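Here's the structure we're looking at; comments come further down.
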Amino acid sequence: MSSVPPGGLILVTGANGYFASVTIKVFLERGYRVRGTVRNIESSAWMKAYFGSGFELVEVLDIYRPGAFDKAVKGVSGIAHTAMNMSMDPYNQGIIEDTVRSYLELLEAAAKEPSVQSIAVTSSLSACVLPTTGVPYKINAETWNEAAIEQTARPWDRKGNSRWHGIKLYAASKARGEQEAFAWVREHKPPFSFNTVVPNVAWGIAISPENMGYRSSAAVMDAVVKGYPAAPSILPSQWYIDIEDAALLQLGALTLPEVKGERLFAFAGRYSWTQILEILHRRYPDKVLLKSVDETAVDAMEVDNARCVEILKMMGKEGGFTSLEDTLVKAVDTILENQSKNVPKTTIDLYYENLNIESSKK
């Protein structure tokens, strides 16, 4: 089975997302050309100047509609599908079927385009399990979040925890999307290879914070630097991945012909917040404002990440995964370098501002 040739054109969906924007950077640095999809070209026009001549933008207004990707896939050699609704809206029950539909629409569009050689979909640990800190468990290529799928199939008691229900909907959508995509590939046996990359918490650099702000896990590290006390609770102890390593694994899934039909677990190693704060206070005295954390339990998950180490080495990264300390330094350096710029507020900023407003009313 063939793969994306050197210098080939790769489609990256959801180009203005955190993971996608770093993926674009890594692909371009490796000599590939990139076409990125966004919902609105005008609001993302800065990306063309930022990434340069090897990058182009196309507009896909709705990734869930029939034929959404038909034009975007024209002439591409590979597809990195990262676009996803990350709102975790507890009232959006349709996100599960929407996600399945977007995966199948993409596969069907690719099957009609002879130039497509490989597809790599970005998944999530939540497609396997929602981790419980301190509880031992294992995941592998056969692990699916059946609990989230089953629980979200039942009517939701709206008196329950809405945030947790939104997380379970997201998890079920990622699990079902992956399952249905692999089933489609087994049934239709397309000429292109298909893999998924399953990352856990991604930290490291962030692309153009003045245009994008800090999104996803990058926003949590920004909140730690600012000193928000509850920031670690959003991402309790689990496994990390340097976001550039995750992007390189995505590229390996697209360009290495021996990688096919795989779920690649992009997990570099465990972290605890006690460990993170020790590193940050040692490396950045007086610059990281969160001073301590109440952490009663740490991650106890087991996952075999040897295949990803092997792929990273095949991609020229002899040392394998980036260390936690080096990953954190990349993240905090980015934040400190951009503190003087007009960086848009994150959802965590807004959350704490609302808490302060409510507190002042009492």
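The values are calculated or read from the model by the stated rules, or taken from the named source; none is laboratory data. Source: prediction; values computed, not measured. Positions of Cβ are generated from backbone atoms using ideal geometry, with glycine treated the same way; all protein chains shown enter the neighbour counts.
For the stretch 229-261, give me each residue that is surrounded by fewer than 17 Cβ atoms within 10 Å (Cβ to Cβ) and either of a type in the set (Val, Ile, Thr) or farther than 11 Å from residue 120 by Cβ (or both). Listed by number, the residues that qualify are 229, 230, 233, 234, 257, 258, 261.
The set of residues in the stretch 1-53 that are within 21 Å of residue 123 (Cβ to Cβ), polar (S, T, N, Q) and assigned to a loop (DSSP other than H, G, I, E, B) comprises 3, 13, 16. Being farther than 24 Å from residue 191 by Cβ, at pLDDT below 95 and under 19 Å from the mean Cα position of the chain (by Cα): is that true of residue 92 here? For residue 92, the condition - farther than 24 Å from residue 191 by Cβ, at pLDDT below 95 and under 19 Å from the mean Cα position of the chain (by Cα) - is not met. Is it the case, given these coordinates, that residue 69 is buried (at least 18 other Cβ atoms within 10 Å of the Cβ), touching a strand residue (DSSP E or B) at 6+ places or on another chain (Cβ under 6 Å) and of a type in the set (Phe, Trp, Tyr)? No: the conditions fail for residue 69. Within the stretch 125-162, the set of residues being on the phi < 0 side of the Ramachandran plot, among the small types (Gly, Ala, Ser) and either in contact (Cβ under 8 Å) with a residue 60 or more places away in the chain or not in a loop (DSSP other than H, G, I, E, B) (or both) comprises 126, 127, 141, 147, 148, 153, 162.
Yes/no matrix, rows are residues, columns are (1) modelled with pLDDT of 95 or more; (2) of a type in the set (Ser, Thr, Tyr):
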| position | (1), (2) |
| --- | --- |
| 233 | no, yes |
| 250 | yes, no |
| 253 | yes, no |
| 257 | yes, no |
| 261 | yes, no |
| 265 | yes, no |
| 270 | yes, no |
| 284 | yes, yes |
| 310 | yes, no |
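Beta carbons closer than 9 Å, at least 6 apart along the sequence or on distinct chains, pair a first residue in the stretch 337-349 that is over 13 Å from residue 221 (Cβ atoms) with a second that is assigned to a loop (DSSP other than H, G, I, E, B) and of a type in the set (D, E, K, R) for 347/215.
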